[in-house]
Each structure stands twice: as structure tokens, then as C-alpha cells.
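Asks: Take a look at this one; I'll ask things after.
Coordinate-derived values only; no laboratory data. All of these numbers come straight from a predicted model, not from anything done at the bench. Cβ sites come from the backbone with ideal geometry, for glycine too, and all protein chains shown count toward neighbours.
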């Protein structure tokens, strides 16, 4: 029955499909119906690919019918953040400047999903060019948090998180540059991972900040996220920054879920002022839980983490000011003002003015400033030095512990409109997630309860060394199992936003 | 004040964004606030600390000098705002390079 | 406007009062099979936008990957220029907006070039000038624009432009000299000689076909003047659009004359980019760049550092071909020719051709004779370059061999050469097909000689009387009778023999 299919995890769907209990066509149809039923309220999707999804599902069913051995994700629906290029489907990056753009090539990750037989059901909403923490910077309207439709689903991968939390797809792909997978996952009560930078491929990911952008998985369970993580990972010769090393055994670690004897460090600096009390209390309980499961807890200091936010808001805008220069109305995308009287520069300037939103403009100008001669050393150059110091903080910390933990984000989901025109307040959402983006190591957010003051989800962040992504899944799975045991059901089952009642 | 309205206007021109006066009025104070905040990085004692431009530590990633199939002209020009003689048609460009 | 309205100080005067300092920035298009950062092919002259991909089009989401061969070629150039090869360096983004640059930044190198601090010894007349090399770095080329609607397709007054990105992403090596001072009146000649020597060196390395006419070698010329004896150098101008060796020389000359006039008038030379005009030999001011462009360079985050291992650099060094200057010295000694004769060969662009002909078995004298003589004339008459003639050194050697063997005389040899150039086939095939061998049948020759004597009794009488020189017309008659297929010297000998009895 359709409702049941959309409530199943990707792992369970995979098993059912493999056992022939259900067809991919049925699974896909069920999810498309769910999307049709709720997305007018959630607005997770910018484009629903109904026809191509059903066609893909039919192909998978045929291949399975012929006895072809298929991977675990074959026939399972996945939602793709609109920052990944997809042939046959539009790619807008949440921006007017790319409205209607149909790329002539697939991102490597898109290709890997297709090769795995996953069913791409649509492209999800996002903050414009991945800049934001609420999806309110989308040129096409915000997405809404399935827990409370007046709240943001986080950002920039807000559409992907909302889609998963609203049962529109069991899996989604997002990108994390300053926290854009983990923070939405946290405020939507699901799982989201930022893999080791370079652990998969950025080819076909429209660039925001090249040295920080990291594609990653979102799912309702740790195992689901692990399955997707494995399917998209691995070296890509088309991406010079991708790492040629074996994919860490994330699925095995998620199934193993044993943290006894693991050394876990609580980052002292990621707490205190600006952190919602309910977030801190749920986080503290999560730490106690891990201890009760056999982990050894210590407090660790990472003194330069307090400079992570300013360093990030210099490095990312600098790289983006250059990455977004290509949007100039000459070869694709929006073109405004070409009436035969204006020269190329005027048309460029008018197009970019009309095509970019406020946050994008802010960051481009900020980046142009930070790279200007005379300012480079004091701003961009200095930020890169801070980056080195943060990497050293992590190295020192990981010399003492196996993983680090913190809240994923200082607050639960805020209201739509609350921080929309207050950039500084908005940037604070990234406080906990940014250090791992700067250092390039792996980090995950897993649900650890609801904040007592408002009943909204809180995420536990786990951070692991470069290429030790499996440790994330080991710890997250252990926490998830213990919590689910304690609650009697997955956290998401308590989400009231869409149904108005518990199912 | 870290940055003036005029400086913001100048940067917008450099970045080829035709900001309206109203936008300038709105963005300039926000940018000033942001720049003041990010200037915090200057507090960090970083004497002798090498900057990190690439976190992975990779070097010498190359490809072989072997042809790979490319796009057809139709594919390349398909999304162009204007095309003439199988080329991208762009408004007049000023100046010499 | 291509006519300059600048006042000029005559060159001789200008260099008397002022000291020129010159510098050259040369771009070389590498002859790799594929582009700098993607696998698109690089063949010249393809249909517009038929050699492009997401990477060189700069499509959103695309990423560059470095072509290893381009790095190797650049190291080759750096080693040949006696540079230090960086042990670690990075690419950088040079940010500016221009429609022929798909990303609106160029991936280049900024403060970490692959090669630094070398030199090139340049022969100027009978002297050697050592030109310092500041740096050699790698970058990507831009697309090409057609400007429509203006006069003569120039950018000024154009209504719109049409952009072709086939050349976007072609690997470019930029070679920058250190400032060259103390050349005085020789500055223009030194500049030209430097570009010439650099071109020959790069060609010998096999990394580019370095044709200025095709744009695979481009040189910008920097010139500044300072009053003689001044302690500081003057402001320099950079002149672009210098498309031939001759233009290099003319551009330097013109700038010296123009800047001298500016300084004489008590004004300051504006530091700017200028544009050279072939038709008038003048330069005009480009876009005013009083304030230098801020390119906001930063390390390219999509590429990782390049750290060429020492073993690789050593391998490249070991495989370097002989430098052209050494080749020239060696060949001159082997061929035993004078400096003047060597110059003639070099000026005709015939060095490789003569060497190839000698290698195919001809004597140096014969090789020189044919290439500098008949073939140079053919090249000049048809308006082509010597190397572009449709005859190979091996074929020339064969013709010379046929002459030495007596099968051909010089006249017949020229006919054979005509045939080869016309595409009729190999020298031997042409001799066969056209029946061009020397008439050496003694009987036929003797008959022709007797006939000539009989037909010209007065001339014959003179020769009998001892006036050997008068035999000319008799030789001519025999040559005519044999369709010039006799060996003239042999005929002459026969005539003298006949008439001396």
C-alpha cells in the first residue's frame, strides 16, 4: 500500500525490491503520489521528474526481471539537490539566473546514482547557489519544515532535508559547504553527512566555494545514509581534488554500531552563549548515552574554532565571487537588457543585478573585497592561516580521541522570516558545522531528541578524521539504536507538521 | 566604519552587478557589519603559520594527453541566449584586450 | 584610426640622447594533442564551437584537470632557457570579465611560476647578447571573437560580436624576459633577434610549431626610455598585436621615436598598453589603463599543486635536443663554410633543409647550391616559404646525385625539380617519364657535333685556328639539336677534339 511504501526505509525498500515483494514502479509511484499530496505545502521540490522516474523504474524492474544482479539502491527513489547537473532535467541552483537551464552533461554523482539504478524523482529546492541556512534565499520561495510548516527546514540543502522528512523520498543528495547538509538534517530530525572533502566528486556540482563544497547523503536512518554514502563515493579523474583512496567502510560500521572503548571528545568551544538551552540539554543527554554504551568521554579544547566562522565568511565568499563570475548572460542563462543599444558589460551588469538575490550579491561583493590587492593579506590570506590553525586543532584533538562531538547547530528550526534579512544572525547557524568544512574532515548529524521548549528536533554532530567516515556511522548508529529503543519509535514519527497528528 | 557606501558601489561595479541606489542603501550597512565581524581573523597570532589553500594535501594530479569526446556544436549552443554562424552572439564589446 | 598623430624623434637622434630598455613577453601555443585542462582536441581551423566541452566552455559544475604533457613541454622550455624548475608551484586564478573567457577568470600562474631565472644567448650580428629570462609559466588561452558591423572587423564601432570557444583552453606558455638594458641603437634588432632565437629554440624542442602568422607564437614588446646617464628607468609601454618578426623590430623603433618626442616635450610617458598597426608601423594607445587592473589573484582551488619530481625533470633534461646555436656551430664546421655563407643559409630559412639534404647524401656545396639558388628563386616567384615548397631534402639530394652521375646536367636537373614541385612524382620517375636523361650516346653526340660543324663552317674555322673561345655557338647548336639533353662540357670537349685534328 502506498502509505506504507513511503514510510519504509531505503534499506527495507531495497530488501523488498530484491525479494520481489514490490516493484520499483510501485515504489516510485507511491512516492510521486506522496509528493503530489504534500509538496504544495512543503515545497521541497523545484522540479518533479514524474515521467523520467517512472521510465527509470520500469528499466530497473526489467533488469531485475531478467535476473541481472543489481546494487542495493536499484529501484529506490532519491531526491537530488538542484545544484547537481542532470541531463534531461533543469538545474537552477535556486537562482533566477539559471532558470530554465538544461545542462548538456550529468554530474558524476548523478551518473553514479543512475548507474546504481536509483530513481531520481526530482530536483530539490535550495538557498541560491548554496548560500544560506534556511532555503529562504531560493529565488523560487522557501521550503518548509515538515515538523512545523512555519519553520525553516534549514539550508542550503533545505529542500533535500524536507523531502526526506516529509516521506517524499527515502534518500536525498545535498551539498555541505558550511554545514548545508548537517544543519538542515538536524532541524528536520533526520540524518545528514558531510563526507571527507574529496571523498566523492564535485564534477557537475555547480561551485559555490570550491575548496569547501562537499556532496553528501541525507536519509531518515543512519544505515540509509550509509548506503547512499557508499553508492556515491570514490575517486573521480574528472575532479582533481578527489582523493584516490578506498571508500571507508561506512555501511559495515553503520551495521556494527559498537562504540565500546571508543574515545569521544566534547568540543569545549562549541557551547555556551547563543546555544538554545534545549539544544544543550539534549546534547548532554546524548553524550551520557554514548558513555553508557561504553565510550570514554573527555572534554577537548579546539581554541581556534572561535575564528572558524569569520575565516569561513572570508574564504567562501572569495571563492564564490570568482566561481559566479561566469554567470554573465553570454553563453547560457538569463540575459537582460540586450536591446541593441547596450554593450556587453552593461548587459552583464543588468543581468546579474536581476538574476542574483541579496545574499549572493552580498557574498560576491564581500569576496571581491577580500581578494582585492591591498586587502588580500589581511583578509583572505589571514583566513587561510586560520584554516591551518583549525586543521592543527583537529589533528591535536584526534591525537587524543577517535571522534569529536557537539550540537549540530546552536538552535532548533527558526521561523520563516525571522532571520531573513539579518545575515549575521543567519550565519550563526553554521557555528558548529564550519570547522569540519574548513579542515575537510568528515562529520554527521544524527537526531538526538526534541527540544523541550518547542518540541523541535535537535541534532548530535559527530566529527571524525579525514577518511575515517566510518567512525561517524559507528557512533551515529549506536546513538540512533539506543535512542530509538528509548523512544520506542524513530524521532520522525513525532513530526506533526504535515499530518496534524501522529500516524 | 569598515567599508563605505562608495566602496561598496565600486566593488559592485568590479563584480559587474548594477546595484540600484535602494539596494546600495540596504546592502552597504550590512556589508560593513559583516566585514567588521570577519576582520576578527586579524586577532589571531599567525606569525610563521603557512596558509592552507588546499586541505587535501594532494599534488601532481594529471591527465594523459589523449582526446576525449566533446560536445557537438548543437549541444554547446543549445542554451545560448543568441546564436549566429554557429557562434555565441554577444552584445558589442568595448575596448582592446 | 590607424594613422598615428604622434610627433617622432628620428631614431638615430633618439638613441643618442636616450637609453632604451626593452622587455619581451612571448606566448607560445603548445602543440599538445588536447587542451590544457580538458580532453578536447586542438587541431587548428575546425568549425566554430566543434571542439568544446563543459570544461573549456566553463559550464557551471565543470572542473579542470591538468594535461601532463603541457607540464612536460613547459619544463622542456624552461630547461632549454637555463631556468630553475620549481619544486612546488600552483595555478592561480586571474579574475576579469571578457566574453572570450568562459569562466571570466583565466587559470594561470601568479607568484609561483613553473620556471624562473634563466637566460637565452641571442646572436646579433657577430655578437652574442645574453637576454635574462624572468619566468616561464603556463596558462590557458581564450576563445576568439569576430566583431560584426564595424569597419574592417575591428572591435571599434562593432555592433555585436560572435564568439568561438574552440581555442579556449589551449595551453599557452608565457615567457617573460628580464629587462634588457644597454642595447642602445641595437634595441630593435636585439628584440627581433631574441624572438627569432626563441622561436627556433622552441621549434627545435618539438613543443610548438611556433608560427607567428598563425598565432602560435605571439610577442608583446615593452619599451621604456631614460635620458642617458639617468639612474632610474623610464615608464614603459606594452605594445600588443605584434604579429611578425619584422613588426617586433618596427614596434621597438617606433616606440623609441615616439617616447623620445614625448620626453623632449617635457611630458611624461604614460604607462599603458598600446596596439601595433602593421600597415603603418605605428602604435596607438589601447584602452586607458592608468589604474592597473586588479586581477584579484588567488590560488586555483580546483587544482592541486604541481611538484615535478626531480627524476622526471632529469629525464626531460636528458632528452633535450641540441640547442640551435650549437647546431649551427657544428654544421658550419662540418660544412666548412664561412660566416657570410652561413648567414645566407640562415637568412633564407634553409638550415634544416640543407642539413636534411646533406644527411640524404648530397655534398654541402651541392645542397647549398640548389636550396639557395634554384629553389630560393622558385620560392620567391611563387610567394612561398622555402620550407613550404613541395620538394623534400631527400629528393633534392637525389637530383644532385643524378647530376654527379652524369645522368642530368644542370638544365635537365631544373626540369626535374619543376616536375617534383608540380607533383609529378619522384626525380627518377620524372626522368623516366619525361625522357630527360643526358644524351650520352657517343654516336648520337658525334653525329650532332659533325652536323653543327658542317652547319657553321666559319665558326669551325675560327676554332681550328686556335680560337677555342669561339666554340660557344657550336656548343649551343649541339645543345639545341639534342633538346639540351647533352652534357655541355662533354659537347665542348668533343667539338674541340674534332676540330683540333
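Asks: Go through A:114-121, A:269-276 and give me the packing order, highest mean Cβ count within 10 Å leading.
Replies: Top of the packing list down: A:114-121, A:269-276.
Asks: Quick one: compute a quarter of the convex hull surface over the Cα atoms of chain C and quote it in nm².
Replies: 31.8
Asks: Further question on the same structure: Explain nothing, just the number: relative contact order of region A:414-472, from Cα pairs under 8 Å at least 6 residues apart, as a whole percent.
Replies: Answer for region A:414-472 is 27 percent.
Asks: Rounded, prolate or oblate: which fits region C:104-172 when a ≥ b ≥ c are the square roots of the eigenvalues of the alpha-carbon gyration tensor, with rounded for a/c under 1.5 and prolate only if a/b beats b/c?
Replies: Verdict is oblate for region C:104-172.
Asks: Calculated from DSSP H runs of 4 or more alone, at -39500 (n - 2.57) each and per residue, what is the 222 nm mean residue ellipticity of chain B, nearest 500?
Replies: It lands at -10500 deg cm²/dmol.
Asks: Just rank B:44, A:206, fewest to most, by other beta-carbon atoms within 10 angstrom.
Replies: Placing the least packed residue first, the sequence is B:44, A:206.
Asks: Could you work out the relative contact order of chain A? I mean the mean sequence separation of Cα pairs under 8 Å and 6+ apart, divided by the number of residues, in percent.
Replies: Over chain A, the number comes to 17 percent.
Asks: Within the P(r) computed for chain B, what percentage of the Cα pairs occupies the region above 16 Å?
Replies: That tail contains 78 percent of the Cα-Cα pairs.
Asks: OK, next. Specify the inter-centroid distance of region A:430-503 and region C:369-426, based on alpha-carbon positions, in whole Å.
Replies: The distance from the Cα centre of region A:430-503 to that of region C:369-426 comes to 84 Å.
Asks: Let me ask you something else. Go from 0 up to the bin containing the longest alpha carbon distance in region A:90-237, width 10 Å each, and give me the % of pairs per bin.
Replies: In whole percents, the pair-distance histogram is 13, 46, 36, 5, 0.
Asks: Once the Cα gyration tensor of region A:357-503 is diagonalised, what are the square roots of 5 times its eigenvalues, in whole Å and ordered largest first, as equivalent ellipsoid semi-axes?
Replies: Each semi-axis is √(5λ); the values are 34, 24, 10 Å.
Asks: May I pose another question? What are the radius of gyration and Dmax of region A:53-101, computed over its Cα atoms and given in Å?
Replies: Answer for region A:53-101, Rg first and Dmax second: 14.7, 45 Å.
Asks: List the equivalent ellipsoid semi-axes of region A:152-297 in whole Å, largest first, each obtained as the square root of 5λ for an eigenvalue λ of the Cα gyration tensor.
Replies: Largest first, region A:152-297 gives 26, 20, 16 Å.
Asks: At q = 0.16 Å⁻¹, work out log10 I(q)/I(0) for region A:432-503 with the Debye formula, treating every Cα as an identical point scatterer and leaving solvent out; two decimals please.
Replies: -0.66
Asks: Separate question: For region A:200-237 and region C:228-289, what is the separation of their C-alpha centers, rounded to whole Å?
Replies: 55
Asks: Over region C:363-501, with a single point scatterer placed on each C-alpha, what log10 of the ratio I(q)/I(0) does the Debye formula yield at q = 0.12 1/Å?
Replies: The computed values of log10 I(q)/I(0) come out as -0.57.
Asks: Go through A:220-228, A:278-286, C:203-211 and give me the packing order, highest mean Cβ count within 10 Å leading.
Replies: Highest-to-lowest ranking by the protection proxy: A:220-228, A:278-286, C:203-211.
Asks: State log₁₀ I(q)/I(0) for region C:200-330 at q = 0.17, 0.19 Å⁻¹ as given by the Debye formula over alpha-carbon point scatterers of equal weight, solvent excluded.
Replies: Here the Debye-derived log intensity ratios amount to -1.03, -1.08.
Asks: Using the Kirkwood formula on the Cα atoms of the protein assembly as shown, what hydrodynamic radius do you get, in angstrom to one decimal?
Replies: By the Kirkwood definition, the hydrodynamic radius is 33.5 Å.
Asks: Separate question: Give me the three principal axis extents of region C:323-434 from the C-alpha atoms, as integers in angstrom, largest value leading.
Replies: Over region C:323-434, Cα extents along the principal axes are 43, 32, 21 Å.
Asks: Which value, to two decimals, describes the C-alpha radius of gyration of region C:442-500 once divided by 2.2 N^0.38 Å?
Replies: Output field value: 0.96.
Asks: Calculated from DSSP H runs of 4 or more alone, at -39500 (n - 2.57) each and per residue, what is the 222 nm mean residue ellipticity of chain C, nearest 500?
Replies: Taken over chain C, the calculation gives -11500 deg cm²/dmol.
Asks: Let me ask something else about it. With both partners inside chain A, how many of the DSSP beta bridges are antiparallel, as a percent to the nearest 5?
Replies: So the antiparallel bridges amount to about 65 percent of the total.
Asks: How do A:491, B:58, A:404 line up, fewest other C-beta atoms within 10 Å first?
Replies: B:58, A:491, A:404
Asks: Percent relative contact order of chain C, based on C-alpha pairs within less than 8 angstrom and at least six residues apart?
Replies: Here the relative contact order equals 14 percent.
Asks: While we're here: Tell me what chain A gives for mean residue ellipticity at 222 nm when only DSSP H runs of n ≥ 4 count, each as -39,500 (n - 2.57), the sum divided by the residue total, rounded to 500 deg cm²/dmol.
Replies: Using -39500 (n - 2.57) per qualifying helix, the result is -12000 deg cm²/dmol.
Asks: OK, next. Which angle from 0 to 90°, rounded to the nearest 10, does the C-alpha axis of helix C:245-264 make with the longest principal axis of chain C?
Replies: So the helix axis and the longest Cα principal axis differ by about 50 degrees.
Asks: How big is the shadow of the Cα convex hull of chain A, averaged over all directions, in nm²?
Replies: Averaged projected hull area, Cα only: 22.5 nm².
Asks: On to the next question. How many times 2.2 N^0.38 Å is the alpha carbon radius of gyration of region A:60-139?
Replies: 1.27
Asks: Could I ask something else about it? Using Cβ contacts closer than 10 Å as the measure, can you line up C:377, A:263, A:111, A:471 from fewest to most?
Replies: C:377, A:263, A:111, A:471
Asks: Ok, one more. Given the convex hull of the Cα atoms of region C:255-322, what is a quarter of its surface area in nm²?
Replies: Orientation-averaged projected area of the Cα hull: 10.4 nm².
Asks: Across 10 Å bins from 0, what is the distribution of all Cα-Cα pair distances for region A:243-372, in whole percents?
Replies: Spelled out bin by bin, region A:243-372 gives 10, 21, 21, 20, 17, 9, 3, 0 percent.
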